[in-house]
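Below you'll find the structure, written out as structure tokens, and then a few comments.
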Amino acid sequence: MAQISEIAGSGSGRELELYFGPQHLGMVGNFSITLKVEGDRVLKATANPGYLHRGFEKLMEYRTWIQNFPMVCRINVVEPDSMEMVYAMAVEKLAGIEVPERAQYIRSICLELARVSSHLFGLWAYSNMLGFDTPAQWAMYHRDLVLDLFEELTGGRVYHIYLWPGGVRRDFPKGFRDRIVHTLHSIGGWVPDYDATFFNNRLFYERARGVGQLSQEQAKALGATGPVLRATGMKFDIRKVEPYAAYDKVDWEVPTRQEGDAYSRIWVVRDELIESVHMVFKLLDAMPDGEVYNRIPNPFKWRIPPGEAYVRCESSRGELGLYLVSNGGDKPYRVHFRTPSYPHGLTILEKALEGASIADVGNTMISLYVVAPEIDR
Amino acid sequence: MGKASILSPLKAIRFLFQKPLTLRYPFEKKEPAPRYRGFHLNDWDRCTGCGNCADICPNEAITMIEVPAIEPEPGNKNERPQLDYGRCCFCGLCVDICPPGSLRLSRDYFHIHFDTDTFVFVPKDEKKDEATFLPAEEYSILKASLTHRKRDYEGFSPDLDFALFEPQRVPMPQVSAQERKQSFVEMVRGYSAEQARSEASRCLECGLCEEACPANLRISDYVKAISEDDSEEALRIILEDNPLPAICGRICMKHCEDACSLGLRGEPVAIRWLKRYAADTVESYRETLRAELPAETGKKVAVIGAGAGGLAVAYFLRLKGHGVTVFESQPAGGGMLRMGPPRYRLPDDAVKDDVDYIASFGVQFRFNTAVGKNVQFDELRERYDAVFMAVGTHRSYTARIENEDRALMALDFLNAARVGPAPDVGRHVIVIGGGNVAMDVARTCLRLQQMQYPGQESVTRAVCLESWEEMPASQEEIEEAKEEGIQFNPAWGPKGILLEQGEVSGLECKAVKSVFDEQGRFSPTFYEDRTMVLEGDMVIEAIGQGYDLSFIPDHLMESLAFTERRKVKVNEDGMTSVPGVFAGGDIVNLNMDAVTAIADAKKAAEGIHKMLSEH
């Protein structure tokens, strides 16, 4: 738990500096916040990342274009697919590779399934942190059902290494469509139970309302995206603004809330989860037959013409961008990820914690949907 | 939001009375998906040891280790992948790059051990390792490990449609059978720059080809240079080991392509056509490459025969500064290459380009000079510091049948068709033989018939002892001959040439019982009573060639050693049992092709250089 590290000698003598994490139950991972508190009020919070620096961006400069695929997915453990997607899109843009239409649909379906699994994971993290163990266990179980689908499609439960340049790595196995429908229906059937135990639970309402509240102006100024931004009433989603894969082929809604607090953010996550399930059904219905992969050049001789590309997609946490530079070689010259957790976990978190109660620090942090590996990449 | 109630969670109480969702492992188990990416399986019989898996592995988890139990052969190294499961991330790139498709992932994923060395593992599969891969009744999850696994438990497997290599070759533009049989136009048109680049970029650089090539050309490197649009660099690399790129780029027996790992599930890289592309693209080899000669050593070497072996040895020796004189009975260089392969396979210009290149280094040629006739062998031994003989095999074998004197000999016919005025052919020609020379004869004959009997009915038949499967000619030649309209009569042996009023009227054949004996040696047997008659007005025999060493004086012939297969025996320096006399080419090796002659020449040039440097 928080430790008393220093009793400030100045002023009233009532200010304390507390270290929150990296080993703390309310922490999202290997991440820490230094809190200056007076009583149980936070005066100032300083985010302290770097416990997990894995140097992915640098490592990628030493691996060939294709060898980077097993690595990019590891930047976000919870939702690896959007990482694969931006890398594939950037490589395709630089190398001028076309993607077959069916593969675009499969990509969208994968990304939405990944959103479902990521939101379920987020729901587990949030409800578990607040002490709602029952819905947390359900969310974990339902996430596993989605991972079963990924296992069947890609051969891996967590790291899929499935979306790659030219399309996807394998077509749907036989009968897979039906199993997606079945799994999503059974998860959907639990929504009333989730609502009853968690979303419509008075305790959740009391615990989350007004916590880490941001105005829309603040959110925009600080670089918030994804559910954090949409919870302030801003209808902004890269899938609509700059459609990629097959997101412009089907109708779907961008869920929003107005209050900008933890409560609204978690409700946006709930609504998105349901919207994603509906979207997958629509994508499955509209999906054409045909090829799913345009063969990429021989990986041992693959050089990509010099150039730079910035691509972005809407991960479950917000805008995920990738700036990729090629100098004409067989490896990237520079890779830089714009990850949503970066502003959420650093600047926004510090802002949102000003004046918060110590008991709400973890609450705020998890509601901002931070994944530490995205910050230390 | 107004609905939020403190009582609503009570709804979940009913789950207390329901079956739990979690599995009670290990009593309740869940099977991994059919595509699961678990531990590796490797089919050792299909694996070629090419090492592409090790090259693509992003974590360097795969090391190729030598397996002494495997006998290395062209296209199969005695190496197999070893996995370090402390490094493997189960991405499956190794599966998607594996050209033979031998490497797969299984659905096993358990390995618990106190010794980290056990995580380093050489994967096999149930075919080679019955002790590890157990049937369901012997398998226990409690003992599961890398060496206790399930049989037939394949997971993520190779799929050619999603492979990381291109299995299909860039098609070679060719003249159609209908068009090409009208003339001696070269049937293979050659790749364009774009086609060559695209074909070259298929190469995975595993180097199996380089070990299979008799002359050990640096194939991966020159193919890579072509893929980078640098045919000059490619040619420079080729010329290090092979001074006949335009010739070998057309008629090489391409042992490299037979070994290419891409050929196992797709088509091998068109290495031969790429060599031809490099040779044809560079205008003048010598000027473009600006090759320099070293200082003269003052040593002199006599070379007998200006074929592939003789030309190559002259080139390699000149590059070491030795003086070389080539003695050739024919009026021009090229040897068998000039007389044998028809122009539709090897145009004159290609031969000329390569011979001119070698001549440009100051090699002295004595054409129309037959050793043993115009100049004596002993004289050469006296006047020169070393002698290299590569006289080839141009004495045609005969089948010893009735009225054999009425048959034409393959090499005489080909030489006449190629060099001299085209010989007259009959309208119904019978070619005896099923090898590549027989194909050359038959297809040449067909072209001459088209030219000499335009618009009239004519036919060329081939008859050979071997069945379709046994025929020694390359599959490519057989297919092309069929396309052009050669009529084949496999598994028939010649019995005698039939005459009618002193003119050839046909060939009597007898059915073949078997071609080879139990030891696999050539020893044909026949059904003497089952015969047929092929009608024809001309018979050409193309059943093989032997050498003629009559130019060697008797006192040397006595000390010249031969191998069991009646080839001239040479040591590792290419020297025969007669000191100072080296040999190479068809009289030495069993392949009897240009590239092996070049390989012999390379070896002999090193040997001669060594000998000359010592004295």
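Some points to look at:
- Scanning the range A:129-140 turns up at least one residue that is closer than 30 Å to A:Ser264 by Cα, within 9 Å of chain B (Cβ to nearest Cβ) and either among the β-branched types (Val, Ile, Thr) or assigned to a loop (DSSP other than H, G, I, E, B) (or both).
- Of residues in the range A:59-84 being open to solvent by 30 Å² or more (accessible area, probe 1.4 Å) and over 28 Å from A:Met365 (Cα atoms), the one nearest to the other protein chains (Cβ to nearest Cβ): A:Arg63
- Within the range A:200-210, one or more residues are touching a strand residue (DSSP E or B) at 6+ places or on another chain (Cβ under 6 Å) and at pLDDT below 95.
- Residue in the range B:339-355 that is under 29 Å from B:Ser613 (Cα atoms), open to solvent by less than 50 Å² (accessible area, probe 1.4 Å) and out of contact with any His (no Cβ under 6 Å at 6 or more places or on another chain) present: yes
- Of the residues making up the range A:158-171, those that are facing chain B (nearest Cβ under 9 Å) and either among the charged types (D, E, K, R) or out of contact with any helix residue (DSSP H, G or I) (no Cβ under 6 Å at 6 or more places or on another chain) (or both) are A:Arg169, A:Arg170, A:Asp171.
- Which listed residue is open to solvent by less than 20 Å² (accessible area, probe 1.4 Å) and not acidic (Asp, Glu), from B:Leu289, B:Leu239: B:Leu239
- Residue match in the range B:139-154 (condition: within 14 Å of chain A (Cβ to nearest Cβ) and part of a loop (DSSP other than H, G, I, E, B)): yes
- Checking each residue in the range A:115-150 for being modelled with pLDDT under 95 and aromatic (Phe, Trp, Tyr) picks out A:Phe121, A:Trp124, A:Tyr126, A:Phe132, A:Trp138, A:Tyr141.
- Residues that are without any contact (Cβ under 8 Å) to a residue 60 or more places away in the chain and open to solvent by less than 60 Å² (accessible area, probe 1.4 Å), drawn from the range B:293-305: B:Pro294
- Within the range B:392-414, the only residue that satisfies the criterion of being in contact with a Ser or Thr (Cβ under 9 Å, 6 or more places away or on another chain) and either more than 30 Å from B:Asp537 (Cβ to Cβ) or open to solvent by 90 Å² or more (accessible area, probe 1.4 Å) (or both) is B:Asp412.
- Yes/no for A:Asp330 being farther than 30 Å from A:Tyr205 by Cβ and open to solvent by 10 Å² or more (accessible area, probe 1.4 Å): yes
- Residue check: B:Arg290 meets all listed conditions (1) under 21 Å from B:Ala196 (Cα atoms); (2) without any contact (Cβ under 8 Å) to a residue 40 or more places away in the chain but one, namely (1).
- Residues being among the polar types (S, T, N, Q) and surrounded by 14 or more Cβ atoms within 10 Å (Cβ to Cβ) - total across the range B:498-520: 2
- For A:Glu217, the conditions (1) within 14 Å of chain B (Cβ to nearest Cβ); (2) surrounded by fewer than 19 Cβ atoms within 10 Å (Cβ to Cβ); (3) over 30 Å from B:Pro158 (Cβ atoms) are fulfilled apart from (1).
- The condition (being among the β-branched types (Val, Ile, Thr) and open to solvent by 10 Å² or more (accessible area, probe 1.4 Å)) is satisfied by just one residue among A:Val254, A:Val292, A:Val335, A:Val268: A:Val254.
Residues checked against (1) β-branched (Val, Ile, Thr); (2) within 30 Å of B:Gly310 (Cβ to Cβ); (3) not assigned by TED's automatic domain parsing to the domain that holds B:Val533:
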| site | (1), (2), (3) |
| --- | --- |
| B:Asp405 | no, no, no |
| B:Leu411 | no, yes, no |
| B:Val419 | yes, yes, no |
| B:Gln456 | no, no, no |
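- Matching residues, the range A:196-214, being in contact (Cβ under 8 Å) with a residue 60 or more places away in the chain and open to solvent by less than 50 Å² (accessible area, probe 1.4 Å): A:Thr197, A:Phe198, A:Phe199, A:Asn201, A:Phe204, A:Ala208, A:Val211, A:Gly212, A:Leu214
- Pairs with Cβ under 6 Å, 6+ apart, first in the range B:20-45 and more than 10 Å from every other protein chain (Cβ to nearest Cβ) and under 26 Å from B:Gly86 (Cβ atoms), second open to solvent by 90 Å² or more (accessible area, probe 1.4 Å) and part of a loop (DSSP other than H, G, I, E, B): B:Trp44/B:Lys128
- The set of residues from the range A:178-192 being open to solvent by 10 Å² or more (accessible area, probe 1.4 Å) and either within 14 Å of chain B (Cβ to nearest Cβ) or in contact with an Asp or Glu (Cβ under 6 Å, 6 or more places away or on another chain) (or both) comprises A:Arg179, A:Thr183, A:Ser186, A:Gly189, A:Trp190, A:Val191, A:Pro192.
- Here is the figure for the range B:54-85: residues that are outside any helix (DSSP H, G or I) and either open to solvent by less than 30 Å² (accessible area, probe 1.4 Å) or under 20 Å from B:Ile97 (Cα atoms) (or both) total 22.
- As a summary of the residue check, A:Val228 satisfies the conditions (1) open to solvent by less than 50 Å² (accessible area, probe 1.4 Å); (2) within 14 Å of chain B (Cβ to nearest Cβ); (3) over 20 Å from A:Tyr105 (Cβ atoms); (4) touching a strand residue (DSSP E or B) at 6+ places or on another chain (Cβ under 7 Å) except for the one numbered (2).
- When B:Glu79 is tested against (1) touching a Phe, Trp or Tyr at 6+ places or on another chain (Cβ under 9 Å); (2) away from chain A (no Cβ under 14 Å), exactly one condition is not met: (1).
- Residue check for A:Glu152: facing chain B (nearest Cβ under 9 Å) and at negative phi: yes
- Selected residue [surrounded by fewer than 16 Cβ atoms within 10 Å (Cβ to Cβ) and within 14 Å of chain A (Cβ to nearest Cβ)] from B:Leu160, B:Leu105, B:Leu93, B:Leu164: B:Leu160
The values are calculated or read from the model by the stated rules, or taken from the named source; none is laboratory data. This one's a predicted model, so the numbers in the text were calculated from it and none came from an experiment. Please note: Cβ atoms are built from the backbone with ideal geometry, for glycine as well, and neighbour counts cover all protein chains shown. We work out accessible area using only protein heavy atoms, side chains counted, and drop any ligands, DNA or RNA first. Shrake-Rupley method; radii C 1.70, N 1.55, O 1.52, S 1.80 Å.
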